[in-house]
Amino acid sequence: MAVSPTAQPTVPPYDVLVLAGGASRRFGADKLVARVEGQALLDRVLAAASGGHQVCAVGPRRPTVRPVTWIREDPPGGGPAAAVVAGLRAGDTPYVALLAGDLPYVTRETVDRLAVALAESPARDGALLVDGDGRAQYLCSVWHRAALDGAAARSPDWDGVALRRLLEPLHARQVAARGRESHDVDRPEDLPSDT
């Protein structure tokens, strides 16, 4: 008797916002140009964003291997919540992925998995990665654009506001991280040792 292959879930269309601002104070230099396995950290994240219909980086413009639309938060340096709100102007798909620019092990499969998890949970506003310690990774997530728009409309000014204040009121499905995909880089010692 022939066994039929298991159908792969359809990945819904999504846009991607890569947060590429921040002063990298703890790193001591622009961490997004640090090399990991021969690639700039930002280029690795943009490769993970390659499934997006529109890929937008929010922050100061940098050279990248992949084409990307650059915008700035208002005011420049206003923080991650302001960056997400500014980035919502780009793209038009019903889903929006949020990625930090400092995730060396995030992949396109990670983002696709989150988009599928959200599509399978219509009562949820988003799907976000949860690390091995149970911490929500807001900057490795996929959201309904309408939910993000509604959250952004709660305040006329997101300058200096923590991202948690923007996203925590939303209802997200938690998706367990695989391997090191939730690892981020804050200090030079956070860079993978295999670089």
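The values are calculated or read from the model by the stated rules, or taken from the named source; none is laboratory data. For clarity, every value in this text was computed on a predicted model and none was experimentally measured. We place every Cβ from the backbone using ideal geometry, glycine too, and count neighbours over all the protein chains shown. Surface areas here come from the heavy atoms of the whole protein model, side chains and all, with no ligands, DNA or RNA. Shrake-Rupley method; radii C 1.70, N 1.55, O 1.52, S 1.80 Å.
For the chain, averaging the sequence separation of C-alpha pairs within contact (under 8 Å, six or more residues apart) and dividing by the residue count gives a relative contact order of 26 percent.
For the chain, the alpha-carbon coordinates run over 61, 43, 34 Å along the three principal axes, in decreasing order. Counting only protein heavy atoms and using a 1.4 Å probe, what share of the accessible area of region 10-104 belongs to carbon plus sulfur, as a whole percent? With neighbouring chains kept in place, the figure for region 10-104 is 52 percent. Counting only protein chain heavy atoms and rolling a 1.4 Å probe, the accessible areas of His183, His171 rank, largest first, as His171, His183.
The local environment of Ala90, defined by Cβ-Cβ distances under 14 Å, has a net charge of -2 under the rule Lys, Arg +1 and Asp, Glu -1. How large is ³J(HN,Hα), in whole Hz, for each residue of region 57-66 in order, when computed from phi with the Karplus curve 6.51 cos²θ - 1.76 cosθ + 1.60 and θ = phi - 60°, using x for Gly and Pro? Listing the rounded values in order: 9, 10, x, x, 4, 9, x, 9, 6, 8 Hz. Given a 10 angstrom Cα cut-off, can you work out which residue in Ala20, Ala83, Ala177 is the most mobile in a GNM of the chain? Answer for the Gaussian network model of the chain: Ala177. Rounded to the nearest 5, the antiparallel percentage of DSSP beta bridges internal to region 38-195 is 55%.
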